[in-house]
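Let me begin by presenting the structure, written as structure tokens, before commenting on it.
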Amino acid sequence: MPSTRSGAPADRYINRELSWLDFNARVLELAEDDSLPLMERAKFLAIFASNLDEFYMVRIAGLKRRQSTGLTVRSPDGLTIREQLARVTERTRDLVHRHADVFTKDISPRLEEAGIRIVHWTELADDETTRLRDYFRDQVFPVLTPLAVDPAHPFPYISGLSLNLAVQVRDPDTGAPRFARLKVPNNVPRFVPVAAGGSVDATAPGTTFLPLEDLIAAHLPQLFPGLEVIDHHLFRVTRNADLEVEEDRDEDLLQALERELARRRFGPAVRLEVAEPMDPQILSVLMSELEVDKEDVVHVPGLLDLAALWELYRLDRPELKDEPFVPATHPRLSEGETPKSVFATLREGDVLVHHPYHSFATSVQRFIEQAAADPNVLAIKQTLYRTSGDSPIVNALIDAAQAGKQVVVLVEIKARFDEEANISWARSLERAGCHVVYGLVGLKTHCKTALVVRRENGMIRRYCHIGTGNYNPKTARLYEDLGILTADPRVGADLTDLFNTLTGYSRQTTYRRLMVAPHGIRSGLVEKIRREARNAREGRPAGIRVKVNALVDEQVIDALYEASVSGVPVELLIRGICSLRPGVPGLSENVRVRSIVGRFLEHSRAMWFAGGGEGEWWIGSSDLMHRNLDRRVEVLLRVCDEVAQRELDEMFLGAMAEGVRCWELGSDGAWTRTGERDYQAELMAAADHAG
């Protein structure tokens with residue numbers, strides 16, 4: 001590797017965009033894994049597709065926006081924006097074709113063997129076409145709006161992620177061709193069941209489906225009466241959806257965000273997906289009108305938008321899916337089948353919950369619900385970043401406010417793609433009498449914290465929850481996350497100070513048991529990493545373990561390189577993006593990087609430092625990325641409970657054990673799949689046994 005003046009290799013960072021694509025490739029590998037149940041493989045195809053949509057809507061949109069400024073900007077790994085976009089385009093095209101091949105050549109035939117067929121109009125029997133003509137007439141035709149494109153009709157707005165038909169018709173009198181756009185409605189099922197008996201039943205065990213666009217295409221003459229339909233082509237547009245809210249201290253943040261949400265749907269196009277084959281003339285029209293370059297065009301063999309496979313996953317076919325898993329109640333939170341008081345339990349010591357293996361409903365949710373119902377509770381303060389549409393947490397907070405408790409809720413209305421839902425919940429909470437704060441100017445509040453203030457025997461005691469995941473009971477069954485429930489007065493004092501900062505004008509930056517971004521996490525972690533390097537050089541116990549979703553921050557990476565050079569063993573468990581290059585002689589030969597992608601989304605963040613023999617664990621909300629460390633309010637909590645520390649040790653060592661099914665990152669930046677043991681399955685079995 002070439003070196004910089006400081007002696008560090010110039011190419012010591014892996015490009016973050018390409019690393020993200022490598023993560024999505026790992027998701028695709030699960031779709032290719034024939035040892036998994038068939039519907040689970042289809043699910044991973046859908047996840048791959050929706051992941052890639054968001055990647056273009058946010059990351060590629062951001063690169064294009066910076067490119068449009070004309071400035072020469074290089075990524076930390078030395079690539080210009082043009083070079084990054086070129087590499088992303090090349091890699092994406094390979095993955096898209098691989099994605100399509102998995103579906104058309106493997107998953108689809110296996111689904112057909114299982115009685116789930118996706119057919120084209122020409123494959124249907126006469127009685128089936130008759131029934132579907134009636135369905136089209138009654139359910140689809142009324143919501144279709146063909147839009148002509150001619151001097152009197154400008155090219156219509158194409159909404160982001162919508163499926164569309166580009167239709168070419170001919171006037172029989174003049175012979176002149178005409179172009180029209182027809183949107184495939186998103187409020188009608190994408191896969192129309194072809195059912196016997198004249199009904200449309202998506203729950204039948206053996207079901208045949210017709211893609212909605214095929215049904216519409218078969219009836220195009222009805223939409224263009226008197227004209228000859230020449231051909232039609234399916235296409236889909238991805239638009240920039242990365243909000244840039246211009247925050248002004250004198251303007252209502254809620255109003256500013258609502259205005260920006262209205263603009264989002266009109267963001268510039270960043271990708272044009274077209275079904276193969278596509279008429280070159282039609283493609284030229286689309287590229288011109290949408291203002292996209294040929295590099296932005298993705299030719300997709302087979303079906304467009306395989307995120308729609310979620311519709312098939314919802315079929316009642318349990319034999320084609322993973323066996324259901326019911327989370328267990330944490331053993332300290334119940335006596336047999338009888339729930340215990342969370343407050344009484346926490347007075348005896350901290351409780352570390354590990355979701356989804358420990359039930360969210362009987363731990364964190366019960367904590368808030370018991371607080372809302374307890375007459376001795378005076379106040380509840382909580383941050384909400386993302387929650388579900390029927391959130392029991394929100395309902396409990398509303399009940400608490402209506403019961404006369406002081407309820408303070410920081411609702412982060414800038415949480416990407418949840419903005420509208422969070423605005424709705426914020427207003428519901430306000431109407432119930434809660435004190436609602438919408439976040440801080442210039443920062444997203446991403447920490448996951450709850451504080452309950454309770455009067456006990458004339459004294460005030462504070463109970464806390466600090467976690468790595470959102471207060472969302474639905475994702476808590478799908479995402480792997482950690483949380484600490486504690487009555488430690490030092491943590492209670494810290495959260496009191498933090499909420500005063502979030503709701504008032506406090507500028508506090510130092511805490512007792514917390515590290516808080518944007519002022520304290522990067523500097524705190526870098527200092528701890530450097531301490532490990534000093535310990536190693538002086539012959540004292542040294543070691544670093546980190547589990548996060550993404551490792552991108554160059555200052556943290558360089559500190560880890562320095563630690564490795566000093567002889568510190570560094571173990572990194574990174575689900576997604578990793579810009580650190582491990583195993584490089586003289587730089588990172590003591591660094592090992594592993595990724596686990598499986599049934600549950602690995603989402604927790606935890607860090608351990610040997611500390612010269614006095615090891616310390618930290619958990620919290622922050623990934624090691626610029627946005628988390630510089631532009632968000634994040635919290636890391638030092639875990640002081642010895643039982644919780646041992647449980648975190650066991651969790652991490654289990655994930656890094658030999659033989660675990662995972663991907664290992666090499667010094668060349670390539671990920672290699674290895675191992676057979678399903679770590680998540682082992683945790684499920686352990687939770688069942690403990691329960």
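The values are calculated or read from the model by the stated rules, or taken from the named source; none is laboratory data. Only a predicted model underlies this, so the values are computations on that prediction, with no experimental measurement involved. Here Cβ is always computed from backbone atoms with ideal geometry, including for glycine, and neighbour counts include all displayed protein chains. All accessible areas refer to the heavy atoms of the entire protein, side chains included, with ligands and DNA or RNA removed. Shrake-Rupley method; radii C 1.70, N 1.55, O 1.52, S 1.80 Å.
Of note:
- Solvent-accessible surface of segment 465-533, averaged per residue with a 1.4 angstrom probe and all protein chains in place: 39 square angstrom.
- Short to long, the 5 Å bins of the Cα pair-distance histogram for segment 4-128 hold 2, 9, 16, 16, 13, 12, 10, 8, 6, 4, 2, 1, 1, 0, 0, 0 percent of all pairs.
- Separation between Cα centres of segment 87-143 and segment 421-485, rounded to whole Å: 43
- Prolate/oblate/rounded label for segment 506-614 (Cα gyration tensor, a/c 1.5): oblate
- Unit charges at the beta carbon, dipole of segment 1-120: most positive-side option, ILE118, ILE47, ALA8: ALA8
- nm² value of the averaged projected area, convex hull over the Cα atoms of segment 398-535: 11.1
- For the chain, the antiparallel share of DSSP beta bridges with both residues in that region comes to about 70%.
- Approximating the spin labels as points 7 Å out from Cα along Cα→Cβ, the GLU456-to-ARG431 distance works out to 3.7 nm.
- Alpha carbon convex hull of the chain, projected area averaged over orientations, nm²: 34.3
- With Cα atoms, 0 to 90° folded angle of helix 280-290 axis to the chain main axis: 50
- Å² of accessible area per residue within segment 534-691, as computed with a 1.4 Å probe and no ligands counted: 37
- Cβ crowding within 10 Å averaged over residues, with 404-411, 565-572 ranked highest first: 404-411, 565-572
- The slack in the chain from ALA114 to ARG530, taken as 0.36 nm per residue of separation less the alpha-carbon distance, amounts to 144.1 nm.
- Lys, Arg +1 and Asp, Glu -1 on Cβ, resulting dipole of the chain about Cα centre, debye, nearest 20: 2260
- The label point for GLN402 and the one for HIS219, both projected 7 Å from the Cα toward the Cβ, are 4.5 nm apart.
- 0 to 90° range, to nearest 10: angle between helix 126-135 axis and the chain longest Cα axis: 70
- Here LYS474 is the anchor, and the lysines within straight C-alpha reach of less than 21 Å, apart from those fewer than 8 places off in the same chain, are LYS43, LYS321, LYS414, LYS448.
- Annotation: Cα Rg of segment 304-403 relative to the compact-globule expectation 2.2 N^0.38 Å equals 1.40.
- Å² per residue, accessible surface of segment 315-372 at 1.4 Å: 43
- Proximity of backbone amide H atoms, modeled 1.01 Å from N, is registered between LYS444 and ARG632, VAL633 at under 5 Å, excluding neighbours fewer than 5 places apart on the same chain.
- Global form of segment 572-631, assessed from the alpha-carbon gyration tensor, a/c cut-off 1.5: rounded
- Inter-label distance for GLU276 and THR672, nm, one decimal - labels placed 7 Å from Cα along Cα-to-Cβ: 3.1
- Mean Cβ count within 10 Å, highest first, over the residues of peptides 619-628, 103-112, 577-586, 68-77: 619-628, 577-586, 103-112, 68-77
- Fully extending the segment from ARG133 to SER35, taken as 0.36 nm per residue of separation minus the present Cα-Cα distance, adds 31.3 nm.
- FRET E, pair ILE230, TYR313, Förster distance 35 Å, beta-carbon r, rounded to 0.05: 0.45
- Label point 7 Å beyond Cα of ARG631 along Cβ direction - residues of segment 511-539 with amide nitrogen under 14 Å: 518
- The angle separating the long axis of helix 419-431 from the principal Cα axis of greatest extent in the chain is about 60 degrees.
- Relative protection proxy for 374-382, 207-215, from highest mean packing down: 207-215, 374-382 (other beta-carbon atoms within 10 angstrom).
- When a 1.4 Å probe is rolled over the protein heavy atoms, the share of accessible surface on the chain that falls to carbon and sulfur comes to 48 percent.
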